[in-house]
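Just below is one structure, and these are the notes that go with it.
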Amino acid sequence: MANTQAAVGKIVQCIGAVVDVEFPRDQMPRVYDALKMEGSALTLEVQQQLGDGVVRTIALGSSDGLRRGLMVSNTGAAITVPVGKATLGRIMDVLGSPIDERGPVSAELSMPIHRKAPAYDELSPSQELLETGIKVIDLICPFAKGGKVGLFGGAGVGKTVNMMELINNIAKAHSGLSVFAGVGERTREGNDFYHEMSDSKVVVQEDLTQSKVAMVYGQMNEPPGNRLRVALTGLTIAESFRDEGRDVLFFVDNIYRYTLAGTEVSALLGRMPSAVGYQPTLAEEMGRLQERITSTKVGSITSIQAVYVPADDLTDPSPATTFAHLDATVVLSRDIASLGIYPAVDPLDSTSRQIDPNVVGEEHYNTTRAVQQVLQRYKELRDIIAILGMDELAPEDKLAVARARKIQRFLSQPFHVAEVFTGSPGKYVPLKETIRGFKMIVAGECDSLPEQAFYMVGTIDEASKRPRRSNKRRRRRSGVVAVRTGQEARVRAAPIRTPPACFLNLLAR
């Protein structure tokens, strides 16, 4: 090992992010060893041994200014990053270096980012539910403590906002620690996330040791090597908290960018592409990451991963490979988002292994299945309604449609992290209240309430109070009353007295 650590080589070829380095034959670095450029902060990671003392590496940083003949030293070990409580409240890059301008991370311990997954006899599966305070998730696709969850959706349907709300709710309600790995996402989103966490006191600026989240960023402007390894850096920090006996939440935004970075690195290394251009090692790379995200007898890691779905195609190899590793899938739908219902979770496509009467209980299970049954019936009737109208439906179908529309709107919820945009205070809804509310709607106890009363409320009690206030306003108000229902709006003239001129002008337009 002493010879390996002292080994010095020189660059013999540089093509973009791929750098070939020649070492003495008896001092060749091992795969995944970190190499340091002399006179530069650039780190290289060994990917292949080409023979005759030459290794092929990927640059974890900009390769601008590199040339043949530059000297490179071998560290003799994989990339190591600081771990422990000192990382809380800090923003780091793939190498564990701080990028928040708050000085060095004074951690007592560092760990390599390449580690083996826990042995089989160390694993400890859990059936305990993790309450999130988000109605649609707690009801339709509940999370297991120590499980893996995927947030699937195309561009702009709310993956990052949902993830931010989950961090906010769980940090406040459960006082848990979180690690956030920003993999190949926008720099603006990383900045917004940091300030949002500061505003909600998940990151405590005055005393960082009181913070609840550590952040590791590798944005989309970084070289592919950084984006490929930043998820491992975040996971290493999460593993260190787990091994201390803590329950940790590990958030990854976005797993698709991790796959994409692997595709770029694979192409740079000269591997033959597989289906749809992905790397031939896609399943192996994904499995190596996902198998480390697990719970042991000491502590647990609960992972929530955003997964971008290219062209909204869930059969694409990247999301399809991710599906196999998950305990719950939260599918975000563009159709539901277009109705203005947020979070735009599709209750019919989203699934969870925890939806079992032996795990969640009979009441929760029966309520979930009843809600899905009503929504499925509404989905089947949509074509008939579009062609013939509501009047042609049977009475029982009309009732099912009315309840389904109320359920749809009750699945919406104002978020704490979106208060600045919506102007509505965020709501945390306990699981018992969620089950009670949907049970009442399905049982017909809310048939007398208008469907707009259920839109963007927390508990069912808030919905029941809404119509009385609106009725009082209507009795006091004369002129035109606008009643908005979903996408359509009906304008009704109140026959008390002549409508005011301002309303008539609006109608004339």
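Here, each number is a calculation from the coordinates, and none is a lab measurement. Since we're looking at a predicted model, the values are computed, not measured. Cβ sites come from the backbone with ideal geometry, for glycine too, and all protein chains shown count toward neighbours.
P(r) for the range 85-217: what percent of alpha-carbon pairs falls in each 5 Å bin, starting at zero?
Answer for the range 85-217: a P(r) of 2, 8, 16, 20, 18, 19, 11, 5, 1 percent.
For n ≥ 4 DSSP H runs only, could you compute -39500 (n - 2.57) per run for the chain, divide by its residues and tell me the 222 nm figure to the nearest 500?
Result for the chain, helices only: -11000 deg cm²/dmol.
Using the count of nearby Cβ atoms within 10 Å as a rough guide to exposure, how do S175, S295 rank from fewest to most?
Going from sparsest to densest Cβ surroundings: S175, S295.
Over 19 Å, how big is the tail of the calculated P(r) for the range 2-77, in percent of all Cα pairs?
Result: 19 percent of Cα pairs exceed 19 Å.
For D383 and I15, what does the FRET efficiency come to when R0 = 45 Å and r is the distance between their Cβ atoms, rounded to the nearest 0.05?
Once the sixth-power term is evaluated, E becomes 0.20.
Normalised by the residues of the range 12-106, what does the relative contact order come to in percent, with Cα pairs under 8 Å and at least six apart?
The value is 26 percent.
Ordered by packing density, taken as the mean number of other Cβ atoms within 10 Å over each peptide's residues, highest first, how do 59-72, 193-206 rank?
193-206, 59-72
Using the basic label-point model (7 angstrom from Cα toward the beta carbon), what is the E362 to D461 distance in nanometres?
2.7
Less than 24 Å apart at the alpha-carbon level, and either on another chain or at least 8 residues along: which lysines does that give for K85?
Answer for K85, where 24 Å is the Cα cut-off: K116, K145, K148, K172, K201, K212, K297, listed by chain and number.
Measure nothing but the geometry: give the 0 to 90° angle between the long axis through the Cα atoms of 224-243 and the longest principal axis through the Cα atoms of the chain, rounded to 10°.
That helix lies at roughly 80 degrees to the long axis.
Can you list the residues of the range 69-98 with backbone N under 17 Å from a point 7 Å past the Cα of R30, pointing along Cα to Cβ?
Within reach of a label on R30: 74-81.
Compute the angle between helix 460-476 and the longest alpha-carbon principal axis of the chain, please, reported from 0 to 90 degrees and rounded to the nearest 10.
Roughly 50 degrees, rounded to the nearest 10.
For the pair Q210/E392, report the inter-label distance in nm, with labels modelled 7 Å from Cα in the Cβ direction.
Modelled inter-label distance: 6.4 nm.
Place a +1 charge on the Cβ of each Lys and Arg in the range 42-179 and a -1 charge on the Cβ of each Asp and Glu, then give the dipole magnitude about the Cα centre in debye, rounded to the nearest 20.
160
Nearest 10 degrees is fine. How inclined is helix 431-443 to the longest principal axis of the chain, computing both from alpha carbons?
Its long axis makes an angle of about 40 degrees.
Where both partners of a DSSP beta bridge lie in the chain, what percent of those bridges are antiparallel, to the nearest 5?
60
If you rank V21, V457, V8 by fewest surrounding Cβ atoms within 10 Å, what's the result?
Final ranking by Cβ density, sparse to dense: V8, V457, V21.
For the range 92-144, state the average projected area of the convex hull of the C-alpha atoms over all orientations, rounded to one decimal in nm².
Its Cα hull, projected and averaged over all orientations, spans 7.2 nm².
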